[in-house]
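The values are calculated or read from the model by the stated rules, or taken from the named source; none is laboratory data. Quick caveat, the model's predicted, so the values are computed rather than measured. Virtual Cβ from ideal backbone geometry, glycine too; neighbours counted across all protein chains shown. Accessible surface areas use protein heavy atoms only, side chains included; no ligands, DNA or RNA. Shrake-Rupley method; radii C 1.70, N 1.55, O 1.52, S 1.80 Å.
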Amino acid sequence: MIVMLPSALMAQDATRGMLHSDGGAWLNGVQAPAIAAIFPDSLVQTQRGHSSRIDVAGSSVLVLPETETQFQGDTLVLTHGSLQLVTTTKMQVLVGCVSITPTTAERTEYDVTDVDGKVKIVVSRNDVSVHSHSAALLRSKQAASSDTIVHQGGQATREERCADPPKPGKGAGASGPALDSRLAIGAGVAVVGTLACLGLCHGDDPISPSKP
């Protein structure tokens, strides 16, 4: 009975949606019926030559052929393929370390494609903000490291994988606090060695002999 709930009832809850399939989609690893309820963590996969539609409160998403995406209520996690979104609730798409979010709750239309590690965003109505996270920031769920606004009629391309910044003190050209610490330690060892030699390297003669 839950699977067959009408879209009007499902639209009252933004954490649930309706999947409309033409027979070529899989839902959580099994073939999806023509109409199915979806909930957070639901995995949708479309086959070659087939597309599906996800309807949720204030948003409609066309899942194009050969696409894999996970439904998370107000977010779609795109693994690969293409999505076409129409949203009035700022529904966002997350692809790897890149997130795309409408800048307004007004009707926004945009497409997101992920192929061969490249994320392409095309905006046809209103604007979206593209956030590129470093891997460390993404794991810690902190704010994005860089933001770009893609305006209506524009497009942008990003790498799906965003590398962490290089750590200091690595390689032949290392410098900074780590290198300074090593130099300080080395200098300290040399001073201690010199003092020890002054005390031990003169046999039985005292350091400050009483006789000239």
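Ala105 - would you say it is open to solvent by 10 Å² or more (accessible area, probe 1.4 Å) and not charged (D, E, K, R)? Show your work before the answer.
Values: open to solvent by 10 Å² or more (accessible area, probe 1.4 Å): yes; not charged (D, E, K, R): yes.
Here the answer is yes, as Ala105 does meet what is asked.
When restricted to residues that are under 13 Å from the mean Cα position of the chain (by Cα) and either over 22 Å from Ser51 (Cα atoms) or open to solvent by 10 Å² or more (accessible area, probe 1.4 Å) (or both), region 83-100 contains 6.
Entry remark, region 123-149: residues being open to solvent by 40 Å² or more (accessible area, probe 1.4 Å), at pLDDT below 65 and in contact with a strand residue (DSSP E or B) (Cβ under 8 Å, 6 or more places away or on another chain) number 1 in total.
Mind listing just one residue for me: the one in region 57-86 that is in contact with an Asp or Glu (Cβ under 8 Å, 6 or more places away or on another chain) and touching a residue at least 40 places away in the same chain (Cβ under 8 Å) and, of those, farthest from Ala32 (Cα to Cα)? Checking each candidate, the answer is Ala57. Can you tell me which residue within region 39-77, out of those that are open to solvent by less than 50 Å² (accessible area, probe 1.4 Å) and among the small types (Gly, Ala, Ser), is nearest to Asn28 (Cα to Cα)? Only one residue tops the list, namely Ser42.
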